[in-house]
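S.K.: Just passing along the structure, written as structure tokens.
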Amino acid sequence: NAGVTQTPKFRILKIGQSMTLQCTQDMNHNYMYWYRQDPGMGLKLIYYSVGAGITDKGEVPNGYNVSRSTTEDFPLRLELAAPSQTSVYFCASSYARTGGQETQYFGPGTRLLVL
Amino acid sequence: GDSVTQMEGPVTLSEEAFLTINCTYTATGYPSLFWYVQYPGEGLQLLLKATKADDKGSNKGFEATYRKETTSFHLEKGSVQVSDSAVYFCALSGWTGNQFYFGTGTSLTVIP
């Protein structure tokens, strides 16, 4: 069981370039999330999805886009990379039900450097 | 809205010392509470959880009790090891189930 996988592990981008961070989960979870973690800081939610075709903004969505065409995949798109987007990005998934969620499972992260 | 307030770090302890990391929360309804651990260079892993008042979560010698009267979920370990050096995050899953709320993390370093 692979759990949550993310690619790439590390990427350097130039200002203005675009890229897609990939996230796949094989646990049939309905909820998926994207977080960013800046050095010495906690996690900030970028976007989340409650199921295929349904996404919503989190705390820091500006500069990012997402889509959810399947239960398994939840890619994060950066259209015009900026130095402020230098961070470590974590994808997570969980099985949510009425009255609360089960545990969130995290991928290993993607380290992004924008120069 | 729902939120989690976590003890500021960093924390440095000697091996075999007692550990407490404080966590308090604000939430409506009946949230679930979690402690996650992040080892250097890795993603977050679930350490323990509690889903209702007075529940005690435990794992790898760590414990935390869900206290509704004090809205707290403090993490404790009786005797820390060097291998416990990591960043610890307190988290809350709200009653509506849409989002998790994470604390800012507490960095723990255990020295031999």
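The values are calculated or read from the model by the stated rules, or taken from the named source; none is laboratory data. Owing to the predicted nature of the structure, the values given are computational and were not obtained by experimental measurement. Every residue, glycine as well, gets a Cβ built from its backbone with ideal geometry; the counts of neighbours run over all protein chains shown. Surface accessibility is based on the protein's heavy atoms, side chains included, excluding ligands, DNA and RNA. Shrake-Rupley method; radii C 1.70, N 1.55, O 1.52, S 1.80 Å.
S.K.: Accessible area lost on pairing A with B, both sides, 1.4 Å probe, Å² to nearest 100?
M.R.: Counting protein atoms only, the buried area is about 1600 Å².
S.K.: What does the charge count around B:GLN81 come to, taking other residues whose C-beta lies under 12 Å from its C-beta (Lys +1, Arg +1, Asp -1, Glu -1)?
M.R.: -1
S.K.: Only protein chains counted, 1.4 angstrom probe. Which residues of region B:8-57 are at least 30 Å² less accessible in the assembly than when their chain is isolated?
M.R.: B:TYR36, B:GLN38, B:GLY43, B:LEU44, B:LYS49
S.K.: For chain A, the longest stretch holding no trypsin sites (Lys or Arg not before Pro) located in a DSSP loop with at most 13 other Cβ atoms within 10 Å is which?
M.R.: A:15-115
S.K.: What is the ratio of the Cα radius of gyration of region A:5-56 to 2.2 N^0.38 Å, where N is its residue count, to two decimals?
M.R.: Here the answer is 1.33, to two decimals.
S.K.: Same structure, new question: Given the protein assembly as shown, what whole percent of its Cα pairs are spread farther than 20 Å?
M.R.: Of the Cα pairs, 59 percent sit more than 20 Å apart.
S.K.: Only loop residues by DSSP count here, and only those with at most 16 other Cβ atoms within 10 Å; note down the GluC sites (Glu not before Pro) in region B:19-111 that meet that.
M.R.: Loop-located and lightly packed - B:GLU42, B:GLU69.
S.K.: Among residues other than B:ALA64 whose Cβ falls under 13 Å from its Cβ, what is the net charge (Lys/Arg +1, Asp/Glu -1)?
M.R.: Spelling it out: positives minus negatives among the neighbours equals +1.
S.K.: Loop only by DSSP, 15 or fewer other Cβ within 10 Å of the Cβ. Give me the trypsin sites (Lys or Arg not before Pro) in region B:1-108 that pass, ordered by residue number.
M.R.: Taking region B:1-108 and a limit of 15 other Cβ atoms within 10 Å, the loop trypsin sites (Lys or Arg not before Pro) found are B:LYS52, B:LYS60, B:LYS68.
S.K.: Pairs A:LYS57/B:LYS77; A:LYS9/B:LYS56; A:LYS9/A:LYS44: which are spaced more than 27 Å apart, C-alpha to C-alpha?
M.R.: Violating the 27 Å Cα-Cα cut-off are A:LYS57/B:LYS77; A:LYS9/B:LYS56.
S.K.: Pop out the ³J(HN,Hα) list for region A:108-115 in order, Karplus 6.51 cos²θ - 1.76 cosθ + 1.60 with θ = phi - 60°, rounded to Hz; leave Gly and Pro as x.
M.R.: Values per residue, Gly and Pro as x: x, x, 10, 8, 10, 10, 10, 10 Hz.
S.K.: Residues of chain A: accessible area per residue at 1.4 Å, in Å²?
M.R.: I get 47 Å² per residue for this part.
S.K.: Could you tell me the center-to-center distance, by alpha carbons, between region B:45-93 and region B:1-37 in angstrom?
M.R.: 7 Å
S.K.: Using a 1.4 Å probe on the protein heavy atoms, what percent of the accessible area of the protein assembly as shown belongs to carbon and sulfur?
M.R.: Carbon and sulfur atoms account for 51 percent of the accessible area of the protein assembly as shown.
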